Amino acid sequence: MRLGTSSPLKHSSPEEWAENQLQLGCTTVVFPVQSNESEEKIIAYKEAAEKARLTIAEVGIWRNALAADSAERKANMDYCVNQLRMADFLNARCAVNVAGAFGPRWDGGYKENFSKEAWKKTVSMVQEIIDRANVKKTYFTLEPMPWMIPASPQEYIRLLEDVDRDRFAVHMDIINMINSAERYFNAKEFINECAEVLGNRIRSCHIKDVHLNEKYTFQLVECGPGDGEFPLQYYVQKMNEIDSQMPVILEHLDSDEQYIKYMNYLKKTL
């Protein structure tokens, strides 16, 4: 595996960015520059990563390409295409987004997210992004979510089949799919299921943890690695069996200090 974080850490130059990542123990990175920034800046960070032998795991998108407002939707689609094209230029393993939400919050949970209309629009959206970007080396991926498609490995396979594009692959955020008592209490079995069903289609992974609150009703809370009960070592082991170069990205922390703390934990336990 290749361990990395979603944080660029505080830095003042591409070279300092790359050096900070190395000192933290990273061997892969999430690219910290956006496609709407200057070509000069993009190239400088690309070269800094290459010189430090840091692979580029992901180019993040994080925009609702299914937004109800037509102008917002068009702008977000264009951004998706440009981020995917940049990922191809960078030789990144993937560009990643979520499918999108049918409500006011861009990544929120709504009943409509699981409708037949949502499925058709998601398939069409992914096809359009890949067709317009016309990439050759990277992949477009969707991060699984607790409350939008794809929310299970079987749903992801169906989506892959319906999209029917070679450059559509899988982003694995297994904690996002821990959305039931069954999956929480049978975590290893669910890891096995994801590995078996999605296998070598997985391009990159996120790592964090999940904690069950002892309050009614059923309450799961995302937390830092080691602060929950998820079998992280087993998860990483199974992902590493799929690909020994698999990126495993620590995310959703609030400060550089927290990223340093939890990266040190991961280096010791993994």
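The values are calculated or read from the model by the stated rules, or taken from the named source; none is laboratory data. Everything quoted here is computed from the prediction, not taken from an experiment. Ideal geometry is used to build each Cβ from the backbone, glycine not excepted, and the neighbour counts take in all protein chains shown. Each accessible area value is taken on the protein alone, full model and side chains, heavy atoms only, with ligands, DNA and RNA left out. Shrake-Rupley method; radii C 1.70, N 1.55, O 1.52, S 1.80 Å.
So is residue 201 under 19 Å from residue 94 (Cβ atoms), open to solvent by 20 Å² or more (accessible area, probe 1.4 Å) and touching a Lys or Arg at 6+ places or on another chain (Cβ under 9 Å) or not? Against the criterion (under 19 Å from residue 94 (Cβ atoms), open to solvent by 20 Å² or more (accessible area, probe 1.4 Å) and touching a Lys or Arg at 6+ places or on another chain (Cβ under 9 Å)), residue 201 does not qualify. Looking at the structure I just gave you, is residue 165 under 16 Å from residue 197 (Cβ atoms) and either open to solvent by 30 Å² or more (accessible area, probe 1.4 Å) or among the polar types (S, T, N, Q) (or both)? For residue 165, the condition - under 16 Å from residue 197 (Cβ atoms) and either open to solvent by 30 Å² or more (accessible area, probe 1.4 Å) or among the polar types (S, T, N, Q) (or both) - is not met. Considering the range 24-36, the residues that are in contact (Cβ under 8 Å) with a residue 60 or more places away in the chain and crowded, with 19+ Cβ neighbours inside 10 Å include one that is nearest to residue 258 (Cα to Cα), namely 24.
Conditions tested, residue by residue: (1) in a loop (DSSP other than H, G, I, E, B); (2) acidic (Asp, Glu).
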site: 22; (1), (2): no, no
site: 77; (1), (2): no, no
site: 83; (1), (2): no, no
site: 107; (1), (2): yes, yes
site: 112; (1), (2): no, yes
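Of the residues making up the range 4-23, just one is among the aliphatic types (A, V, I, L, M) and crowded, with 20+ Cβ neighbours inside 10 Å, namely 18. Taken over the range 55-75, the residue count meeting the criterion of being open to solvent by less than 80 Å² (accessible area, probe 1.4 Å) and either assigned to a helix (DSSP H, G or I) or in contact with a Gly (Cβ under 8 Å, 6 or more places away or on another chain) (or both) is 8. Out of everything in the range 99-124 that is among the hydrophobic types (A, V, I, L, M, F, W, C) and more than 18 Å from residue 157 (Cβ to Cβ), what residue ends up being least open to solvent (accessible area, probe 1.4 Å)? Filtering first and then ranking leaves 101. In summary, helices (runs of 4 or more DSSP H) completely within the range 162-265 and bearing 2 or more residues that are under 19 Å from the mean Cα position of the chain (by Cα) occur at 187-198, 232-242. Taken together, the residues in the range 117-161 that are outside any helix (DSSP H, G or I) and among the hydrophobic types (A, V, I, L, M, F, W, C) amount to 8. Among the residues of the range 209-267, those that are of a type in the set (Val, Ile, Thr) and touching a residue at least 24 places away in the same chain (Cβ under 8 Å) comprise 210, 236, 242, 248, 249, 260. The residue pairs whose first member lies in the range 111-140 and is within 22 Å of residue 75 (Cβ to Cβ) and free of Cβ contacts under 8 Å to residues at least 24 places away in the same chain, whose second member is open to solvent by less than 80 Å² (accessible area, probe 1.4 Å) and not in a loop (DSSP other than H, G, I, E, B), and whose beta carbons are closer than 8 Å, counting only pairs six or more residues apart or on different chains, are 112/118.
Between 13, 35, the distinction of being among the polar types (S, T, N, Q) and over 23 Å from residue 137 (Cα atoms) belongs to 13 only.
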